[in-house]
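Asks: For reference, the structure I am asking about is given below.
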Amino acid sequence: MTALGIHGRDIAELLAPQAARRQPLPGFDDDYADIVDYIVRCTHRIWEAKDVGLIATHYAPDIVIHTMAGPITGMAGVIANTARTLSAFPDRTLMAEAVVWADVGDGGYLSSHRITSLATNSGASEFGAETGRRVGFTTIADCLCRANLIVEEWLVRDNSAIAIALGIAPRAVAVAQAARDPGDPAPWRAAAMAAIASAEPTPFPRGALPPAGDAAAFAAALFDAVINHRRFGVVRDAYSPAVRWSGPGGRRLFGWGEVTGWFTALIGSFGDLVVRVDHVAAVGDEIAVRWTATGHHDGPALYGVPSGRAVYLLGVTHWRLFAGQIVEETTVFDEIALLRQIEGGR
């Protein structure tokens, strides 16, 4: 057997103790039946049951969590950050919307876990003083898991949606953060941007997209055609005419025209933007794509007066497909971390 998915399952079923193991999970705790069960239930235990100390048995001591604001290193840092978040949003609930996973061999799995969170801001946070306001936001965590431990993670959270819900302008948060940063890009970010920019350019794509059933080829070709080669018309080939799109800042779009408008606005903000697909996972009708991009803020489309500064993006996109076309997309990246770079911060 293989891992059970999320859709169509009641939350009580997802969180209940499972029956016999459905996947090989060497070194994982005996009560986990498959990788989806591991991700959903350990997340619930840590965040909603407030068993933060369980991080010590589920995260590697030397873990690196990659974010757009910079890496978080070490399990102790994960515990501290989790406690800080819970002090600001103590009633946070996390609804698992999808876990799209890939078997990476040697008993390891890469999971892409999409979560919608609801919480009340009851304490000071990275956004400022307590507001008492209710927020909702999307997070996607890509986790490399081996022997019951998350050994590496790529974390994207819709921080601009949180700021807006708190009644705070995302740029104001970014300006305050940038003011505390040194002027030069952090070495890790400079290296990441250089690696993306130095990749060999791909030939101009002339043919049809690969079928969506070949998820890795489909994702690579779509990102390359639309972003790297500005073939915005490919949106009509890949997406349903009635596609529903969710993006950073709580944006909601519908249909070919609005989705195409998002891509043109992105390039209208970063005219030399180059994207690289870093990982693809697919289960059933769902595809998860982790990507990175770099370019210069040379246009006013999305983020104000051009600064000319180089920026780095880390994003994750989830697609749901029907009859070979994308009918739902959720794309998440940290717009506050992006604005922080535009304002001259790290």
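Asks: For ALA33, are the conditions met, namely being surrounded by 14 or more Cβ atoms within 10 Å (Cβ to Cβ), out of contact with any helix residue (DSSP H, G or I) (no Cβ under 6 Å at 6 or more places or on another chain), over 30 Å from ALA215 (Cβ atoms) and assigned by TED's automatic domain parsing to the domain that holds ILE140? Spell out how you get there, then give the answer.
Replies: Working: surrounded by 14 or more Cβ atoms within 10 Å (Cβ to Cβ): yes; out of contact with any helix residue (DSSP H, G or I) (no Cβ under 6 Å at 6 or more places or on another chain): yes; over 30 Å from ALA215 (Cβ atoms): no; assigned by TED's automatic domain parsing to the domain that holds ILE140: yes.
No; evaluated as a whole, the condition is false for this residue.
Asks: For region 123-164, give me the residue count where each residue is closer than 19 Å to ALA178 by Cα and free of Cβ contacts under 8 Å to residues at least 24 places away in the same chain.
Replies: Qualifying residue count for the region: 1.
Asks: If you scan region 122-150, which residues turn out to be of a type in the set (A, V, I, L, M, F, W, C) and either within 27 Å of THR331 (Cβ to Cβ) or not assigned by TED's automatic domain parsing to the domain that holds MET75 (or both)? First the steps, then the outcome.
Replies: Residues of region 122-150 that are of a type in the set (A, V, I, L, M, F, W, C), as a first pass: 124, 127, 129, 135, 137, 140-141, 143-145, 147, 149-150.
Answer for region 122-150, where residues must be of a type in the set (A, V, I, L, M, F, W, C) and either within 27 Å of THR331 (Cβ to Cβ) or not assigned by TED's automatic domain parsing to the domain that holds MET75 (or both): PHE127, VAL135, PHE137, ILE140, ALA141, CYS143, LEU144, CYS145, ILE150.
Asks: Can you name every residue in region 320-338 that is part of a helix (DSSP H, G or I) and small (Gly, Ala, Ser)? Working first, answer last.
Replies: Here is the first cut: in region 320-338, the residues part of a helix (DSSP H, G or I) are 335-338.
Once the filter is applied, which keeps residues that are part of a helix (DSSP H, G or I) and small (Gly, Ala, Ser), region 320-338 yields only ALA337.
Asks: What about VAL280, is it without any contact (Cβ under 8 Å) to a residue 24 or more places away in the chain and either touching a Phe, Trp or Tyr at 6+ places or on another chain (Cβ under 9 Å) or of a type in the set (A, V, I, L, M) (or both)? Before you say what the answer is, go through the steps one by one.
Replies: Working: without any contact (Cβ under 8 Å) to a residue 24 or more places away in the chain: no; either touching a Phe, Trp or Tyr at 6+ places or on another chain (Cβ under 9 Å) or of a type in the set (A, V, I, L, M) (or both): yes.
Criteria not met by VAL280.
Asks: Just need a number here: residues in region 253-286 that are over 20 Å from TYR239 (Cβ atoms) and hydroxyl-bearing (Ser, Thr, Tyr).
Replies: 1
Asks: Looking at region 194-216, can you tell me whether even one residue there is part of a helix (DSSP H, G or I), modelled with pLDDT of 95 or more, of a type in the set (A, V, I, L, M, F, W, C) and over 23 Å from the mean Cα position of the chain (by Cα)?
Replies: There is no residue in region 194-216 that is part of a helix (DSSP H, G or I), modelled with pLDDT of 95 or more, of a type in the set (A, V, I, L, M, F, W, C) and over 23 Å from the mean Cα position of the chain (by Cα).
Asks: Turning to a different aspect of this structure: Among (1) assigned to a helix (DSSP H, G or I); (2) within 22 Å of the chain's Cα centre (by Cα), which single condition is VAL100 missing?
Replies: (1)
Asks: Quick one: in region 77-94, of everything that is closer than 19 Å to ILE63 by Cα, touching a helix residue (DSSP H, G or I) at 6+ places or on another chain (Cβ under 9 Å) and among the hydrophobic types (A, V, I, L, M, F, W, C), which residue is surrounded by the fewest Cβ atoms within 10 Å (Cβ to Cβ)?
Replies: ALA83
Asks: Within region 103-122, work out how many residues are buried (at least 16 other Cβ atoms within 10 Å of the Cβ) and in contact (Cβ under 8 Å) with a residue 60 or more places away in the chain.
Replies: Qualifying residue count for the region: 7.
Asks: Is there any pair with a first residue in region 88-102 that is in the same structural domain as SER125 (by TED's automatic domain parsing) and under 14 Å from GLY284 (Cα atoms) and a second that is among the aromatic types (Phe, Trp, Tyr) and buried (at least 19 other Cβ atoms within 10 Å of the Cβ) whose Cβ atoms are under 6 Å apart and which are 6 or more apart or on different chains, and what are they?
Replies: Every condition considered, the pairs that remain are TRP101/TYR109.
Asks: If I filter region 117-155 down to residues being touching an Asp or Glu at 6+ places or on another chain (Cβ under 6 Å) and among the β-branched types (Val, Ile, Thr), which single residue comes out as nearest to GLY315 (Cα to Cα)?
Replies: Of everything passing the filter in region 117-155, THR138 is nearest to GLY315 (Cα to Cα).
Asks: Looking at region 129-148, can you tell me whether even one residue there is under 15 Å from CYS42 (Cα atoms) and not in a strand (DSSP E or B)?
Replies: Step one: list which residues in region 129-148 are under 15 Å from CYS42 (Cα atoms), which gives 141-148.
Going one step further and asking which of them are not in a strand (DSSP E or B), we end up with 147-148.
Yes.
Asks: Can you list the helices (runs of 4 or more DSSP H) found entirely within region 1-87 that contain at least 2 residues being among the charged types (D, E, K, R)?
Replies: On the way: elements: 11-15, 35-43, 55-58.
Passing ranges, in order: 35-43.
Asks: Within region 253-267, is even one residue touching a Leu at 6+ places or on another chain (Cβ under 8 Å), buried (at least 18 other Cβ atoms within 10 Å of the Cβ) and touching a residue at least 60 places away in the same chain (Cβ under 8 Å)?
Replies: Yes: one or more hits.
The values are calculated or read from the model by the stated rules, or taken from the named source; none is laboratory data. Note that the structure is a prediction, hence the values are computed from the model and not measured. Virtual Cβ from ideal backbone geometry, glycine too; neighbours counted across all protein chains shown.
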